[in-house]
Amino acid sequence: MDLGLKGKVVLVAAASKGLGRAMAEEFAREGAKVAMCSREQDAIRAAASEIAKATGAETIPIVADLSSAKGCETFVSSALEKLGRIDVLVVNAGGPPPGRFEELTEETWDKAYQLTLQSAVRLTRLALPELKKTKGNILYSTSTSVRQPTQYLNLILSNALRAAVHGMLKTLSKDLAKDGIRVNAIQPGRIKTDRIVQLDTDTAKRTGKSLEEVQKEWETSGVIPLGRYGDPKEFAAAAVFLASERASYITGVSLQVDGGMLQAMF
Ligand SMILES: NC(=O)c1ccc[n+]([C@@H]2O[C@H](COP(=O)([O-])OP(=O)(O)OC[C@H]3O[C@@H](n4cnc5c(N)ncnc54)[C@H](OP(=O)(O)O)[C@@H]3O)[C@@H](O)[C@H]2O)c1
């Protein structure tokens, strides 16, 4: 299937590794030009050049901290300056730290708010005028924990703030449809990246188990019906489809990529 992404300009936020990087690579494989950012200059440059080498696509590395207004502006304006248009905005960022409610301070909540909700608001606001010109689309990469937070008791920051992102996306999908702009979300369950290792290490510390024991429990307890963590490439394939022309009648949707983990009907 031709996804219709050849020559399109895609911005993938937080893309030096993990899910962002996998999405950037998959868009590049489809022939899109990809602007990608992260905080670490060496890391984002290396990721962009490896992807360009592997796919032949044009990739633009941008150093930007998405937890600040300035960082979001740098990402969108540099991408626009280099590539001239925006067809797809993929909103992604590092995850807020784990911790239960009583362990979290005012400052930790503030930082998580900037990183998780405000980065989504700012990137959307900055890209919108361009997306209106191209009738492009926005994809928010969030988490299945928005729909079933109870199994992630130590991720209250993520659960609370990503729910706000979903409120925004559902509202925007209706509001922006008149401009021909689609707005969707993709929700990872447990996709094998450094972030998941960080969370499993936190669980291991809290429960007195080893990291291997924690991972084995996830894979064998039946919580993930497919019985394994996902590969970032599997996540990226779904993301790229949702952002492609082949998904032209899909908007306001949250697609979980979780090996069957969510138990809700919808
Ligand atoms: N993996 C999963 O299964 C899963 C499940 C649910 C939710 N999520 C969420 O999905 C997001 C991505 O997860 P991941 O697994 O891909 O994590 P990851 O492997 O740790 O990668 C995070 C990426 O974000 C960049 N980043 C972090 N903070 C940033 C900031 N302030 N500004 C710009 N870039 C930043 C990092 O690069 P630099 O360090 O260079 O900035 C890196 O490229 C996170 O929010 C995570 O909580 C993931």
Beyond 29 Å (Cα-Cα) in this structure, taken from Lys6/Lys216; Lys53/Lys174; Lys53/Lys233, we find Lys6/Lys216; Lys53/Lys174
Return the single residue from Ala204, Ala32, Ala243 with maximal mean-square fluctuation; model: Gaussian network over the chain, springs between Cα atoms under 10 Å.
Ala204
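Just the ratio, please: alpha-carbon radius of gyration of region 123-226 over 2.2 N^0.38 Å, N its number of residues. Show your work: numbers first, answer last.
Details: Rg = 17.5 Å, N = 104, 2.2 N^0.38 = 12.8 Å.
So the Cα radius of gyration is 1.36 times the expected 2.2 N^0.38 Å.
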Sort Met168, Met36 so that the residue with the fewest other Cβ atoms within 10 Å of its own Cβ comes first and the one with the most comes last.
Met168, Met36
Pairing the Cα long axis of helix 194-207 with the longest principal axis of the chain, what angle in degrees results, from 0 to 90 and rounded to the nearest 10?
20 degrees
Please identify the trypsin sites (Lys or Arg not before Pro) of region 77-164 that satisfy two criteria: DSSP loop assignment and at most 15 other Cβ atoms within 10 Å. Which are they?
Arg85, Arg100, Lys135
So, relative contact order of region 208-266 in percent, Cα under 8 Å, 6 or more apart, is 38 percent
Diagonalise the Cα gyration tensor of the chain and give the resulting equivalent ellipsoid semi-axes, square root of 5 times each eigenvalue, largest first, whole Å.
29, 20, 19
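Which chymotrypsin sites (Phe, Trp or Tyr not before Pro) in region 67-126 pass both tests, a DSSP loop state and at most 16 other beta-carbon atoms within 10 Å? Kindly include the intermediate steps, with their values, before the conclusion.
Values: sites: Phe75, Phe101, Trp109, Tyr113; in loops: none.
When the chymotrypsin sites (Phe, Trp or Tyr not before Pro) of region 67-126 are filtered for loop state and at most 16 Cβ neighbours within 10 Å, nothing remains.
Would you mind counting up the charge near Ala32? Only other residues with Cβ under 13 Å from its Cβ, with Lys and Arg at +1 and Asp and Glu at -1. It would help to have the intermediate numbers written out before the result.
On the way: positive: Lys6, Lys8, Arg29, Lys33, Arg85; negative: Asp2, Glu25, Glu26, Glu30, Glu58, Asp87, Glu245.
Counting the neighbours of Ala32, the net charge comes to -2.
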On a 0 to 90° scale, report how tilted helix 41-55 is relative to the longest principal axis of the chain, with both axes built from alpha carbons and the result rounded to the nearest 10.
70 degrees
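From the helices alone, meaning DSSP H stretches of at least four residues, give me the mean residue ellipticity at 222 nm for the chain, per-run term -39500 (n - 2.57), in deg cm²/dmol to the nearest 500.
Working: 9 runs with 120 residues, N = 266.
Per the formula, -14500 deg cm²/dmol.
Once you list every other residue whose beta carbon is under 13 Å from the beta carbon of Lys132, what net charge do they have if Lys and Arg are +1 and Asp and Glu are -1?
Working: positive: Arg85, Arg125, Lys133, Lys135, Lys178, Arg182; negative: Asp87, Glu130, Asp175, Asp179.
Neighbour charge sum, excluding Lys132 itself: +2.
Every read-out reported here was derived from the displayed coordinates using simple, explicitly stated rules and does not represent laboratory data. Predicted, not measured: the structure shown is a model, and the values here were computed from it. FYI the Cβ positions are ideal-geometry reconstructions off the backbone, even for glycines, and counts take in every protein chain you see.
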